[in-house]
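Encoded as structure tokens, the structure appears first; notes follow it.
The values are calculated or read from the model by the stated rules, or taken from the named source; none is laboratory data. Everything numeric in this text was worked out from a predicted model, so none of it was measured. Backbone-built Cβ (ideal geometry, glycine too); neighbour counts: all protein chains shown.
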Amino acid sequence: MQKITCSAPGKIYLFGEHAVVYGESAICCAVDLRTQVQACLSDTVQISSVLGDTGIDHDRYPYVSSVVEKMSEITDIKGIKLCIKSDIPVGSGLGSSAAVTIATIQALNLLFECGLGAEDIATLGHSIEKKIQGVASSTDTYVSTMGGVVMVPLKKKLHIIDCGIVIGNTGKFSSTRQLVSNVAQLKKNYPKIIDPILSTIGRISLTGEKMVAKKEYESIGVLMNINQGLLDAIGVSSPELADLIYAARNAGAYSAKITGAGGGGCMVALTPLSEAEQVASAITRVGGKAIITKVTEHGVRVE
Ligand code: PMV
């Protein structure tokens, strides 16, 4: 085999971000926004995307460069040409770095016949994210590898949900590391107040699991909106996120909340399928960039 293309999805959180850092449960869904990596045998290492063409380059392509180096420890990679295309906005909490990492690992795994299974790919992807980001939960890489709806930290697969998913991007950069550290500080200063909030978020995920199984979107929505209130209470919302969230709710969404670290980045709305366009327009009107998508069962795959 000379050439292969693999893709991996991004993700949203239905419930549980931040609380999951303290061992509470969260529910994540892989969404149908994918990063594609085409790998062709070559004499040198070449990486290309809209970010430009280069060789191993830890500044421009930290994840892909690290994957090539790591996979070179497993197999003999003399050269490889990697072409990356993505519909996942970068650095906005949708798991773009996990998707490019996982798609690249699988492309090299198949091209060089390394024999890595899904669990190995997720574990290797997580170790690469951790090395680059300092701290990273295994959630993004796991969900991107396996697809579907996943309860973490148990890594339990739940039933797929098939309502509308509308993502609203504030376009404002947010640092996951900074927000996680802000919550840690708040927790340290006010443990008696913050600890119960985090454990309530965990209980929302546990209660939500049953509603996901029954596809009770209105009830899932009620819980997501409560979760949003608690995320606001721990200081990770922002005026821009709040604008998009209320616009989505007023336009007929079941629910709308932050997805990921908050502070900027993205919110997610669950909608009846018939209302997705309307919710997307409302998000656009208040200055967000809207993406209509759906939950996908497909984790990393060959294209
Ligand atoms: O914004 P993201 O996709 O990096 O998600 C961060 C989720 C947190 O719970 C805030 C941190 C984590 O590592 O779980």
Taking the stretch 139-163 and keeping only residues that are within 15 Å of Ser205 (Cβ to Cβ) and outside any loop (DSSP other than H, G, I, E, B), one is left with Thr139, Val143, Val149, Val150, Met151, Val152, Lys156, Lys157, Leu158
Of all residues making up the stretch 207-222, the number that are over 20 Å from the mean Cα position of the chain (by Cα) and either within 22 Å of Gly265 (Cα to Cα) or not small (Gly, Ala, Ser) (or both):
9
Which listed residue, of Thr141, Thr123, is of a type in the set (Val, Ile, Thr) and surrounded by fewer than 20 Cβ atoms within 10 Å (Cβ to Cβ):
Thr123
Restricting the stretch 13-35 to residues that are of a type in the set (Val, Ile, Thr) and more than 9 Å from the ligand (Cβ to nearest atom), which is nearest to Met267 (Cα to Cα)?
Val31
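Condition check ((1) of a type in the set (D, E, K, R); (2) away from the ligand (no atom under 16 Å from the Cβ); (3) surrounded by fewer than 21 Cβ atoms within 10 Å (Cβ to Cβ)) across all residues:
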site: Ala242; (1), (2), (3): no, yes, yes
site: Ala247; (1), (2), (3): no, yes, no
site: Gly252; (1), (2), (3): no, yes, yes
site: Ala256; (1), (2), (3): no, yes, no
site: Ala261; (1), (2), (3): no, no, no
site: Val268; (1), (2), (3): no, no, no
site: Leu273; (1), (2), (3): no, yes, yes
site: Val279; (1), (2), (3): no, yes, no
site: Ile283; (1), (2), (3): no, yes, no
Among the residues of the stretch 186-210, count how many are within 14 Å of the ligand (Cβ to nearest atom) and loosely packed, with under 14 Cβ neighbours inside 10 Å.
0
Taking the stretch 81-99 and the residues there that are outside any loop (DSSP other than H, G, I, E, B) and within 14 Å of the ligand (Cβ to nearest atom), the one that is surrounded by the fewest Cβ atoms within 10 Å (Cβ to Cβ) would be Ser96
Spot the failing condition for Glu129; the list is (1) at pLDDT below 95; (2) assigned by TED's automatic domain parsing to the domain that holds Ser237; (3) not small (Gly, Ala, Ser), and only one is missed.
(2)
How many residues does the stretch 124-138 contain that are assigned to a helix (DSSP H, G or I) and either farther than 15 Å from Ser66 by Cα or away from the ligand (no atom under 16 Å from the Cβ) (or both)?
1
What are the residues in the stretch 144-166 that are surrounded by 15 or more Cβ atoms within 10 Å (Cβ to Cβ), more than 13 Å from the chain's Cα centre (by Cα) and away from the ligand (no atom under 16 Å from the Cβ), if any?
Leu158, Ile160, Ile161, Cys163, Gly164, Val166
Does Ile102 satisfy the condition of being on the phi < 0 side of the Ramachandran plot and surrounded by fewer than 22 Cβ atoms within 10 Å (Cβ to Cβ)?
no
One residue is enough: does the stretch 216-237 have a residue meeting the conditions touching a His at 6+ places or on another chain (Cβ under 6 Å) and either of a type outside the set (D, E, K, R) or within 15 Å of the ligand (Cβ to nearest atom) (or both)?
no
Does Ile128 satisfy being over 25 Å from Lys294 (Cβ atoms), in contact with a helix residue (DSSP H, G or I) (Cβ under 6 Å, 6 or more places away or on another chain) and of a type in the set (A, V, I, L, M, F, W, C)?
yes
